[in-house]
1. Any residue in region 109-125 that is modelled with pLDDT under 95, in contact with a helix residue (DSSP H, G or I) (Cβ under 8 Å, 6 or more places away or on another chain) and not polar (S, T, N, Q)?
2. Please specify each residue of region 249-269 satisfying the condition of being modelled with pLDDT of 95 or more and crowded, with 19+ Cβ neighbours inside 10 Å.
3. So which pairs qualify, if the first residue must be in region 198-222 and at positive phi, the second must be acidic (Asp, Glu), the Cβ gap must be under 7 Å, and the two must be at least 6 apart or on different chains?
4. Where in region 256-372 are there strands (runs of 3 or more DSSP E), lying wholly inside it, with at least 1 residues that are touching a residue at least 60 places away in the same chain (Cβ under 8 Å)?
Amino acid sequence: MESEEAAEGREVVESEEAAEGREVVESEEAAVVLELGPEWMIAAADLNSLTLDTARMRLDGGEWSAQQPVIFIQEQLLAYGRAAAVELEFRFQADSSLLEMQELYLALEQPGDMKLTLNGQPLSPADCGWWRDISFRTLPIAGKVVAGENILQLSTRFSPSGELLAKLEKAKQFEAEGNNLTIDQEFESIYIVGAFGVESAEPYTYGERRAVFTEGPFKLTRLPESVTTGDLVQQGFPFFAGTITLEQNVHINEGAALQASWSFQSPPDTIVSRLFINGTEVRRFLWEPYTADISGLLHAGENRIRLELTGSCRNLLGPHHHIKGEVYKVGPDSFKDKPGWTDKDLEPDTHVYQDLYAFVRFGLSSAPVLRG
């Protein structure tokens, strides 16, 4: 039999454990969880961009080709096997908001080696600096864009060296020769850069590996003043590469607990995220944990929450048209139509290039919360 003293001891222990359990429950119930609202004001943003990766081509004043991927044009010129006068014609759509825009540029490689016109107006090849890569030179085009369709033409001389042509011929028999090519003159995508938004004519859909798909085509529009929690690709920033700063106010009631923590709930779709509260930087988030102690930074009344979200150049540079959508192994052939060493799982006759555009998500994957 249990002694009276032992029984009393057991009751004391059970009583203490029950009280501690109640305190934990009461503490959890008392904790305040405040989910931030869905709307964010855009306080600042790097210049947005539109990638132009299809064009018509004309050789030596002949007939214009159909619209085709620029990467295919490069392969056709190498197969052409001789020097030629080359003209390329790019087209893009813009609404009337761009007519008065002052920050508007064309970004491309080696503009000094070509003649350029936009809507029939010549563009000076003298650039005003570089953007995103030192080889991407910027030319001002403010005042030259029209509402509706815009036509950008470039003309140059394609002059492959005899040594290059000989190596290309050898590469038909020996793959190693193709891996040893140095091409001095390349035709690649060009970019419209400015403080605008980009709208797709067709809806977006989601795929594996955070992929976001749309058929386009795209139009330049007014830069959004605000966005909502979620994917920014669909809110005017499909080709965006850089940092966008979002802000919103959060009201804290008088007497509320100011000991608090921040949680993203799920990892943001960014490379780096920086959190500021009332002007004080809390921390930079690159990996887990996606939480932070923000005690002492909140006060009763209005509090300013500021997030700087930085993405990569993936949505700017691609590959945009790979049959798999978002790929984790990327090589030169990932942008072309035939499988390369990164696509050993595909049949050799697979057409890798698809007209559909593939991006990856960028922005807040869920609403952040404050816990206090």
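The values are calculated or read from the model by the stated rules, or taken from the named source; none is laboratory data. It should be emphasised that the depicted structure is a prediction, and the values quoted were computed from it without experimental measurement. We place every Cβ from the backbone using ideal geometry, glycine too, and count neighbours over all the protein chains shown.
1. Yes.
2. TRP262, PHE264, PRO268, ASP269
3. The qualifying pairs are ARG209/GLU326; ARG210/ASP269; ARG210/GLU326; GLY216/GLU202.
4. Numbers: elements: 261-263, 272-277, 280-285, 291-293, 301-310, 357-360, 369-371.
The qualifying strands (runs of 3 or more DSSP E) are 261-263, 301-310, 357-360, 369-371.
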